[in-house]
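Engineer: Sharing a structure here in structure tokens format.
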Amino acid sequence: MTETAEFEIKKIERSRISEVDFNNIPFGKVYADHMFVADFENGEWKNMRIEPYGDLSISPANATLHYGQSVFEGLKAYKNKAGEILIFRPEANAKRMIVSAERMCIPPISEEFFMSALTALLKVDSAWVPGQENTSLYIRPVVFADDPYVGIRPSETYKFLIFTAPVGAYYSEPVNVKIETKYTRAVAGGVGYAKTAGNYAASLYPALQAQKEGYHQLIWTDGQTHEFVEEAGTMNLLFLINDTLVTAPTGDSILNGITRDSVLTLAKDWGMKVEEKRLSVKELEAALKAGEVKEAFGAGTAATIAKIHKIGYNGVDYVLPEEKPLSDKLFDTLDKIKLGEIEDTHGWVYKV
Ligand code: COI
């Protein structure tokens, strides 16, 4: 079977959709009826199929369970007023998954394969794309090592899955973040730029400590000196310092966020000053003290534009102004582009 062949489709006998309250959807707890599955064996992707969403059977020795050889993506589909299904920048996710896969020694999913699997799945489960305000169908492609082998080497078998979940907001209120200068999320030469399981696992313990102090997330700093701001793990970070939108350049320790890129593109379209530069904690602290940080927000697929309420550093909490016109404008513009309500000048929207 080639990667672009028709997929086998085994449909669910009875849909679960009537059990879902689409006006009150939690993030990432309810899943649509079907999933896409493919197996990598003997050097090729095969057995491509769409089947009812359900549990998998894996060996206790499964390589991913022990060594985390896996990559994933996150993207969203929207339903517009005409009932059409639109996906935001899926080709960018396909490209990023190839980059992540290379770093994790995982056979790549070609962009063509990714797009055809995604399109086929979304056609089968189109009824699951919610149309209510601030909702979407979150799409989670994942590739993981499937060898039942406890030795260390790249797996010889893998599974590629795509499953979906109708979702509401990831953060339901403006977030409080704390600058982390003890623990490290990612280091130069490491895997911070790859969307891989371990990056998220590594963030849990430090984030939990911060959550006990009332913060939602951390602002990670560079692993070597802890002097420069990086990302937040669940999202990239952007700061409006006076009239300049500042964000860390992506590199080998920061995820190349698609929402981040969309924000920078829009800000440049609007003639704003945009700087991708290494922002030192000292410079940020001085700007916070001087009231020069007019807004700060996270940008991510799940997080969308997550406004930051306060930033904690060295025992001091800096509360940002309540009015956040840039964050609001970005959220609103991206929302309208995603729904096809304003012109998509960058070719970001893919119609299923
Ligand atoms: C996404 O934004 O899609 C992610 O994968 C981040 C995660 C916090 C859900």
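No lab work stands behind these numbers, since they all come straight from the coordinates. Bear in mind that the values here come from a model prediction, so they are computed numbers and not experimental data. Counting neighbours? That spans all protein chains shown, and the Cβs are built from the backbone with ideal geometry, glycine included.
Engineer: Treat every Asp and Glu Cβ in the chain as -1 and every Lys and Arg Cβ as +1, leave all other atoms uncharged, and give the resulting dipole magnitude about the Cα centre to the nearest 20 debye.
Structural biologist: In total the dipole reaches around 340 debye.
Engineer: Please find the FRET efficiency linking His66 to Glu275, where r is the Cβ-Cβ separation and R0 is fixed at 45 Å, and quote it to the nearest 0.05.
Structural biologist: 0.60
Engineer: Under 5 Å between amide H atoms, partner at least 5 residues away or on a different chain: which partners does Glu231 have, H built in plane at 1.01 Å?
Structural biologist: Trp220
Engineer: Which entries in the list Lys76/Lys212; Lys159/Lys338; Lys182/Lys212; Lys95/Lys178; Lys76/Lys159 go over 23 Å, if you measure between the two C-alpha atoms of each?
Structural biologist: From the list (Lys76/Lys212; Lys159/Lys338; Lys182/Lys212; Lys95/Lys178; Lys76/Lys159), the Cα-Cα distance tops 23 Å for Lys76/Lys212; Lys159/Lys338; Lys95/Lys178.
Engineer: Can you give the calculated 222 nm mean residue ellipticity of the chain, where each DSSP H run of n ≥ 4 adds -39,500 (n - 2.57) and the sum is split over every residue, rounded to the nearest 500 deg cm²/dmol?
Structural biologist: Using -39500 (n - 2.57) per qualifying helix, the result is -7500 deg cm²/dmol.
Engineer: State the Cα centre-to-centre distance between region 136-162 and region 48-89 in whole Å.
Structural biologist: Between the Cα centre of region 136-162 and that of region 48-89, the gap is 11 Å.
Engineer: Now for a different question. Quick one: Cα centre-to-centre distance for region 267-282 and region 298-352, in angstrom?
Structural biologist: So the separation of the two Cα centres works out to 15 Å.
Engineer: Let me ask you something else. Would you please give the FRET efficiency between Asp39 and Arg14, computed as 1/(1 + (r/R0)^6) with r the Cβ-Cβ distance and R0 = 41 Å, to the nearest 0.05?
Structural biologist: It comes out at approximately 0.95.
Engineer: With N set to the residue count of the chain, report its C-alpha Rg divided by 2.2 N^0.38 Å to two decimal places.
Structural biologist: This ratio for the chain stands at 1.01.
Engineer: While we're looking at this one, here's another question. Please list, by residue number, every one of the trypsin sites (Lys or Arg not before Pro) in region 58-165 that is coil in DSSP and has at most 16 other beta-carbon atoms within 10 Å.
Structural biologist: The qualifying sites are Lys81.
Engineer: Tally Lys and Arg at +1 and Asp and Glu at -1 over the other residues with C-beta under 11 Å from the C-beta of Phe331: what net charge comes out?
Structural biologist: Residues close to Phe331 contribute a combined charge of +2.
Engineer: Moving to a separate point now. Each residue of region 233-250 in order: what ³J(HN,Hα) in whole Hz does its phi give by Karplus 6.51 cos²θ - 1.76 cosθ + 1.60, θ = phi - 60°, with x for Gly and Pro?
Structural biologist: x, 8, 5, 7, 10, 10, 10, 8, 9, 6, 10, 10, 8, 10, 8, 5, x, 6
Engineer: Taking a label point 7 Å from the Cα of Glu156 along the Cα→Cβ vector, which residues of region 42-72 have an amide N closer than 20 Å to it?
Structural biologist: Residues 42-47, 58-70 qualify, since their backbone N sits under 20 Å from the label point.
Engineer: So what does log10 I(q)/I(0) come out to for region 1-107 at q = 0.10, 0.19, 0.21 Å⁻¹, using the Debye formula with one equal point on every Cα and no solvent?
Structural biologist: For the requested q values the scattering log ratios are -0.42, -1.49, -1.59.
Engineer: A further question follows. Note the direction-averaged projected area, equal to a quarter of the hull surface, for the Cα convex hull of region 263-324, in nm².
Structural biologist: About 5.1 nm², averaged over all directions.
Engineer: Take each of the peptides 218-230, 23-35, average the number of other beta-carbon atoms within 10 Å over its residues, and list them starting from the highest.
Structural biologist: Result, highest mean Cβ count within 10 Å first: 218-230, 23-35.
Engineer: Just to verify a number: FRET efficiency for Leu56 and Lys95, C-beta to C-beta distance, R0 = 30 Å, to 0.05?
Structural biologist: 0.70
Engineer: Bin all alpha-carbon pair distances of region 312-352 at 10 Å intervals from 0 and give each bin's fraction as a whole percent.
Structural biologist: Going from the shortest bin to the longest, the percentages are 24, 32, 20, 17, 8.
Engineer: Another one. Kirkwood Rh over Cα pairs of region 92-215 into Stokes-Einstein at 37 °C, 0.692 mPa s: D in µm²/s?
Structural biologist: 188 µm²/s
Engineer: Cα atoms only: what Rg and Dmax, in Å, come out for region 182-286?
Structural biologist: In order Rg, Dmax, the Cα atoms of region 182-286 give 13.9, 41 Å.
Engineer: What Kirkwood radius, in Å to one decimal, follows from the Cα pairs of region 169-234?
Structural biologist: Across region 169-234, the inverse of the average 1/r is 12.3 Å.
Engineer: Now, a different point. Show me, for region 309-321, the HN-Hα J-couplings you get by feeding each phi into the Karplus relation (A = 6.51, B = -1.76, C = 1.60, θ = phi - 60°), rounded to Hz, glycine and proline as x.
Structural biologist: With the stated coefficients, region 309-321 comes to 7, 9, 10, x, 8, 6, x, 10, 9, 9, 8, 8, x Hz.
Engineer: Does anything in region 139-178 have its amide N under 14 Å from the 7 Å Cα→Cβ label point of Glu213, and if so which residues?
Structural biologist: What the label zone holds, given the 14 Å backbone N cut-off, is 176-178.
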